[in-house]
Each structure stands twice: as C-alpha cells, then as structure tokens.
Amino acid sequence: MADKLAENNPVDSSTQNETLASSVYQALLDDILAGKLIPGHKLRLQALKNDYNVGNSPLREALNRLSANGMVVREENKGFRVSPASISELQELIRTRCWLEEIALRESIRNANDQYDERIVLAYHRVSKLALSNGSSYSSPEQENKHREFHQSLISACNSKILLKYCEQLHEQTLRYRNLAAVVQYREGHEGDEHRAIRDAVLERKADIAVDLLTSHYKITAEIVISSGSLSQT
C-alpha cells in the first residue's frame, strides 16, 4: 500500500481538493499497476480514506478518474472494484494497442526530423544502459520509466495528443498485466535486441518493418504473461 498522503491546511479548498485528488489518484494507480491492489478487490471508501489519509471528495474524484481509464469499475449501488484481469482482456488490449501504435508510429516516421531522431537515440541509450539483473523484468521504477520513455519516443511525432493519451492508457493497462503475472525471467536479454531492431528500422524510415517489429514485441510480451498461468480465461 502506498505511503499515506499528508494533507495541508488549505488556502483554497477547491485547489487543495484538486491537488489531493491528483495525489491519491497517482497513489492508487501505482498500487494497482504494481499488483498491490489485486483484480476484483473491493475498494471500500472508509478503508481507502484511512490508508491514504484523504477526504471523501478528493477520493471519489480519484476513483472516478481511475474508472474513466479502465483501472477500476464502478458497480451500481455497490461502489468501486479494481478492474478484473483475464487472458481475453489482455489479448484485446494488445490488439488495440497494436492498432493504435501502428497509426502513431507511421505518422511519426512520416513527420520525422532531427529532433525526433535524437529523442529516440537518447531514449534507447538510456534504456539499453539499464542493467537487468539475470535477465529480469523492469522491476524498479527507474527501469520501467526508461522503458516507457523509449516506447513513447517512437510515437512522439504523430502530432495527436488524443492518440498519445490513448496509447499511454493502454501502456498502463498492459503494464498491470505484466506485473500481475510476476514475470521474473523476461526475454532472457532478447528484449534489448528487439529495441535495437525497432530503433534502427525507425531511423532508417522503414515504416513497414518498424511496425512489424513493434507489434511483434507487444505480442511476445502478452504470450509470456499468458504462459505464466496467473490469469483466468475470461
């Protein structure tokens, strides 16, 4: 469970509620992504208020935001639960992520310039320098952030904030599955080769190859998660 959130005396109650809502939203999101709040877990308001040291109004706002991005579900007259996790949903998430990121990647390559190339090269350099002990997954926040930054750099020139927002939501949802599956041996070093191949295809403006490599990259991840045996069928 995340550390309790400290409340400050408000100067403006509306501003404070918004700040607290953002803080508790991020704390709840982190705990859901990390698997600390497991799929189907009943989110009881009083318990959450105690655990996160937050009032009713910002807590409800945070839960509504989590519901909007699919991390929790709101049940009529029953409150909130952490969204369930299943093989069928993961497969749908991966299909949708591949569809959207293909569009974003092709547009980014079409709009490519020196700034775009530099962003990719720098992000790849950072992620490739991370020492993944014994071929393990991106288990630390630093590792996961660098991994996320590399994937964000690939689609950063698509010129659509809306598309990038949806891609980010799908990234978070698939990250939850990876963490839930507790994949320890992650690709045994092959993921670095995949990143390098994607980088090279993008920098060489080989859009078809880059798309094939990126979507294959995501599908392999899904196969590893499914093979872990930690998910239900539906």
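The values are calculated or read from the model by the stated rules, or taken from the named source; none is laboratory data. What you see is a predicted model, and the numbers here were worked out from it, not measured in a lab. Here Cβ is always computed from backbone atoms with ideal geometry, including for glycine, and neighbour counts include all displayed protein chains.
Does E144 qualify as being in contact with a strand residue (DSSP E or B) (Cβ under 7 Å, 6 or more places away or on another chain), modelled with pLDDT under 90 and acidic (D, E)? Spell out the reasoning first.
On the way: in contact with a strand residue (DSSP E or B) (Cβ under 7 Å, 6 or more places away or on another chain): no; modelled with pLDDT under 90: yes; acidic (D, E): yes.
No: the conditions fail for E144.
Give A112, A123, A104 a once-over and let me know the one that is in contact with a Cys (Cβ under 6 Å, 6 or more places away or on another chain) and over 30 Å from K42 (Cα atoms).
Sole residue among the options that is in contact with a Cys (Cβ under 6 Å, 6 or more places away or on another chain) and over 30 Å from K42 (Cα atoms): A104.
Restricting the first residue to segment 19-32 and requiring it to be assigned by TED's automatic domain parsing to the domain that holds L48 and within 18 Å of Y177 (Cβ to Cβ), which pairs with a second residue that is of a type in the set (V, I, T) and crowded, with 18+ Cβ neighbours inside 10 Å meet a Cβ separation below 7 Å and a spacing of at least six or different chains?
Pairs that qualify, where the first residue is assigned by TED's automatic domain parsing to the domain that holds L48 and within 18 Å of Y177 (Cβ to Cβ) and the partner is of a type in the set (V, I, T) and crowded, with 18+ Cβ neighbours inside 10 Å, are I32/V82.
Taking the condition loosely packed, with under 14 Cβ neighbours inside 10 Å and in a helix (DSSP H, G or I), does K165 pass?
Yes.
Within segment 202-220, which residues are surrounded by 16 or more Cβ atoms within 10 Å (Cβ to Cβ) and either of a type outside the set (G, A, S) or not assigned by TED's automatic domain parsing to the domain that holds R110 (or both)?
Within segment 202-220, V202, L203, V211, L213, L214, T215, H217, Y218 meet the criteria.
Among the residues of segment 47-56, is there at least one that is farther than 22 Å from L170 by Cβ, in a helix (DSSP H, G or I) and assigned by TED's automatic domain parsing to the domain that holds R176?
No, the conditions are met nowhere in segment 47-56.
One line per residue, one yes/no per condition, for (1) of a type outside the set (K, R); (2) touching a Phe, Trp or Tyr at 6+ places or on another chain (Cβ under 9 Å); (3) modelled with pLDDT of 95 or more; (4) assigned by TED's automatic domain parsing to the domain that holds A34:
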| position | (1), (2), (3), (4) |
| --- | --- |
| R126 | no, yes, no, no |
| R176 | no, no, no, no |
| Q185 | yes, no, no, no |
| E194 | yes, no, no, no |
| D200 | yes, no, yes, no |
| A222 | yes, yes, no, no |
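List, please: which pairs have Cβ atoms under 8 Å, are six or more places apart or on different chains, and start with a residue in segment 86-115 that is in the same structural domain as L154 (by TED's automatic domain parsing) and over 19 Å from E168 (Cβ atoms) and end with one that is modelled with pLDDT of 95 or more and among the basic types (K, R)?
If the second residue must be modelled with pLDDT of 95 or more and among the basic types (K, R), the pairs left are I109/R205; A112/R205.
Can you work out which of the residues in segment 58-85 that are among the polar types (S, T, N, Q) and at pLDDT below 90 is nearest to L163 (Cα to Cα)?
Per the stated criteria, the residue is N69.
Six or more apart or on different chains, Cβ under 7 Å: which pairs go from a residue in segment 147-159 that's touching a residue at least 60 places away in the same chain (Cβ under 8 Å) and closer than 13 Å to L203 by Cβ to one that's crowded, with 20+ Cβ neighbours inside 10 Å and of a type in the set (S, T, N, Q)? Could you list them?
What qualifies is L154/S108.
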